[in-house]
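The structure under discussion appears below in the form of structure tokens.
The values are calculated or read from the model by the stated rules, or taken from the named source; none is laboratory data. Since the structure is predicted, the reported quantities are computational estimates derived from the model, not experimental observations. All Cβ positions, glycine included, derive from the backbone under ideal geometry; neighbour counts span all protein chains shown. Side chains are part of the model used for accessible areas, which takes the heavy atoms of the whole protein and leaves out ligands, DNA and RNA. Shrake-Rupley method; radii C 1.70, N 1.55, O 1.52, S 1.80 Å.
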Amino acid sequence: MRSSILTLCLAAIAVAATGCSRDAAPPADPAAKGAAVATADPKAVAEVDEYSYSQPDKVRTNDLALQLKVDFDKKELSGSATYTLDWLDKSATQLVLDTRDITVEKVVGERADGKWDDLTFAVAGKDKVLGSKLTIESPQRNPRIRVTYRTSPDASGLQWLTPAMTEGKKTPFMFSQSQQIHARSWVPLQDTPRVRFTYTAHVTSPQDAMVLMSADNDPNAARDGDYSFAMPQKIPSYLLAIAAGDLTFQPISERAGVWAEPAMVKKAATEFADTEKMMVTAERLYGPYRWQRYDILVLPPSFPYGGMENPRLTFATPTVIVGDKSLVSLVAHELAHSWSGNLVTFSTPKDGWLNEGFTSYVENRIVEDLYGKEAADMEKVISRNELAAEYKEIDPKLQVLALRPGTLSDPDGASSSTVYTKGAWFLQFLEERYGRDVFDPFLKEYFNHFAFQSIPTTKFIEYAKANLLAKHPGKVSEAELDEWIYQPGVPASAPKTVSPRFDAVDAARTAWLDAGTLPDTVATAKWSTQEWVHFIDGMPDTLKPGQLAALDAAYHFSGTPNGEIAQRWYPLAVRSGYTQANAAAAEFIARVGRRKLIMPTYSALVKTPEGLKLAQDTFAKARPGYHPITTASVEEVIAKAQAKPAQ
Ligand code: BES
Ligand code: ZN
């Protein structure tokens, strides 16, 4: 079993975090600094967001009104953001916002008599992770403040694609990715999930571009370069999203559909045909879908993630459209966020599991309902094997569900095994102890109770103690709860999942490794993506190049259109010195920008001088098409390899 490059980066980030300095601009709250707080009472620091300069206890944004112009030539969004404010602290005189690489042109504030005055402001020096603090002087505590600004072509939360980088080759494309803290690179704002706001936007663009946002997109909107949006539910900043390009719509059901480039839209709608059924299942389990429409926007392959749960408009990678629906658990996942994450939100990124762990659990329940227990169990086993590998290497501090402040210097570097897999495993543990009869209604009521709120882990614990532990005594102890949430590793009480289909795969792999007998094609013809993934995952660290050649001849792994298989096959090939796969590996990592899929191959490559050369050459070619988030990850891996002599 192998872990991904992410693992190695994470260990480095955790170590770096202890000595992390913020020379240019220290965090607004001194409590957020360094190791001193790492030992502090978790309850007292639960709501401090060390990744934002904003001071939401003093003043809060209730509504955001955007006026934006999309300029593809300049790779720039320009216009204004108007905040309707709630001054909680009646002696406060400043509005502090987060920005990154944004040029602020002007700031005005509305007076009580409705007139607007200029306000003084200062943009601090740039911190590498947090960006620049924008401090606006508002001695009168203006009820509304407006910032006029422009973004940088290198905004970390936006990608600008030339027509050549799109499917249709005719129209340019742009899209945002705000989570974790990239919204601040395209809108100055209080970039912390503690603050929730409604928003409206008026966006102008060239006429041939359709603009969509995480808001009330109208499937029948005229494509005229002038678009208006409203998001009437309060959302945190990381769910702010925008995309523009040659996009058309194809319905899936009354309330669900797909947006994609014309060449892609039919295929996407067929792949995601089960979306409505997924919504019905989630509603049956956890209560009504509260966001009206659920549409999926299929992005170009450079999208750095698998999916992003932007409300009403999930952003998705095209790499899951493989023709057999075998990767549509991604839709189940992003849809599940409509309850876990978008409705009940973590109040700081260090409580990531409240979003992703709950969502992975709900995703698995949807998969079980639609595709059966076997399918759901295979997904569980794959991710738990990944966790086991990752936990051999990463800092125990990153294995804790409720991260202590100061643990992570960059919130994008959280351990996904912890946040997603351990988080979901904990909920499965509770489910098994209490039974679905008790646990399902508990979770439904939890979503209802905290709807449209942002909460820290401590709030969940309080709620679980009152509504599960106290009401059903003798099933789970407070010590067990504490172990799951505050201790590293996976508790011994974790439920085990067995998969007979994977047992058969294990037997086939062993037979091949021991005697060279390739698995029977009658059996493999029925294997799903998950079975192939498990087949490769269980291989030794390295094989003989001849063994890989035999597998390749039989199953054509090199060149596979399936990213989940490619993600595992190419690193194995690289580690094993099976250089015949190099060309296909390079093609894959150049074409796809989804971090999770390509980073394992990059990190396997950089371990040898020849591999490093191939990684560097491929990166040089691919870089113009990569998203800033992916570029940063690849640069880090290459820089680290260059810094130390190859082993
Ligand atoms: N919200 C995440 C994506 C994310 C997490 C972006 C943290 C930035 C920081 C999204 O819901 C997600 O989990 N995506 C997964 C898909 C999946 C687990 C099916 C991904 O992109 O791999
Ligand atoms: Zn997620």
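Points to keep in mind about this one:
- The set of residues in the range 270-296 being within 16 Å of LEU212 (Cβ to Cβ) and either in contact with a Lys or Arg (Cβ under 8 Å, 6 or more places away or on another chain) or more than 16 Å from ligand 2 (Cβ to nearest atom) (or both) consists of TRP291, GLN292, ARG293, TYR294, ASP295.
- Pick from the range 203-248, criterion among the small types (Gly, Ala, Ser) and under 24 Å from the mean Cα position of the chain (by Cα), ranking: farthest from PHE303 (Cα to Cα): ALA230
- Any hit, the range 352-359, residues being within 13 Å of ligand 2 (Cβ to nearest atom), aromatic (Phe, Trp, Tyr) and open to solvent by less than 10 Å² (accessible area, probe 1.4 Å): yes
- Any pair with Cβ under 8 angstrom, 6 or more apart, that starts in the range 267-293 at a residue that is free of Cβ contacts under 8 Å to residues at least 12 places away in the same chain and ends at one that is open to solvent by 20 Å² or more (accessible area, probe 1.4 Å) and of a type outside the set (Val, Ile, Thr): GLU283/TYR289
- Matching residues in the range 538-580 - criterion: being in a loop (DSSP other than H, G, I, E, B), more than 27 Å from LYS325 (Cα to Cα) and open to solvent by 30 Å² or more (accessible area, probe 1.4 Å): PRO540, ASP541, THR542, LYS544, GLY577
- Among the residues of the range 581-602, those that are touching a residue at least 40 places away in the same chain (Cβ under 8 Å), open to solvent by 10 Å² or more (accessible area, probe 1.4 Å) and part of a helix (DSSP H, G or I) comprise ARG591, ARG595, LYS596, MET599, PRO600.
- Candidates in the range 509-533 are the residues that are hydrophobic (A, V, I, L, M, F, W, C) and part of a helix (DSSP H, G or I); of these, the one that is most open to solvent (accessible area, probe 1.4 Å) is VAL522.
- Pair list, Cβ < 8 Å and 6+ apart or interchain, from the range 227-247 residues that are open to solvent by 10 Å² or more (accessible area, probe 1.4 Å) to residues that are among the acidic types (Asp, Glu): PHE229/ASP216; ALA230/ASP216; PRO232/ASP216; ASP246/ASP208; ASP246/GLU261
- Criterion: polar (S, T, N, Q), out of contact with any Pro (no Cβ under 9 Å at 6 or more places or on another chain) and either open to solvent by 20 Å² or more (accessible area, probe 1.4 Å) or closer than 20 Å to TYR286 by Cα (or both) - qualifying residue of SER415, SER454, SER499, SER493: SER493
- Filter result for ASP295 (among the acidic types (Asp, Glu) and open to solvent by less than 20 Å² (accessible area, probe 1.4 Å)): yes
- Hits in the range 157-170 - residues which are open to solvent by 70 Å² or more (accessible area, probe 1.4 Å) and either touching a Lys or Arg at 6+ places or on another chain (Cβ under 7 Å) or in contact (Cβ under 8 Å) with a residue 60 or more places away in the chain (or both): GLU167, LYS170
- Residues satisfying the stated conditions in the range 282-334, i.e. among the polar types (S, T, N, Q), farther than 25 Å from LEU158 by Cα and within 9 Å of ligand 1 (Cβ to nearest atom): SER329
- Looking only at the range 312-327, and only at residues there that are surrounded by 23 or more Cβ atoms within 10 Å (Cβ to Cβ) and in contact with a strand residue (DSSP E or B) (Cβ under 6 Å, 6 or more places away or on another chain), the one that is farthest from ALA230 (Cα to Cα): ALA316
- Cβ-Cβ under 7 Å pairs, at least 6 apart or on other chains, the range 130-156 side closer than 17 Å to VAL96 by Cβ and at pLDDT 95 or above, far side part of a loop (DSSP other than H, G, I, E, B) and of a type in the set (Phe, Trp, Tyr): LEU130/TYR51; LEU130/TYR53; LYS133/TYR53
- LEU403 vs. criteria more than 16 Å from ligand 2 (Cβ to nearest atom) and buried (at least 23 other Cβ atoms within 10 Å of the Cβ): yes
- If you check GLU393, GLU386 for being within 16 Å of ligand 2 (Cβ to nearest atom), open to solvent by 10 Å² or more (accessible area, probe 1.4 Å) and either outside the structural domain of LYS596 (by TED's automatic domain parsing) or not in a helix (DSSP H, G or I) (or both), only one passes: GLU386.
- The residues in the range 89-115 that are open to solvent by less than 80 Å² (accessible area, probe 1.4 Å) and modelled with pLDDT of 95 or more can be counted, and the count is 18.
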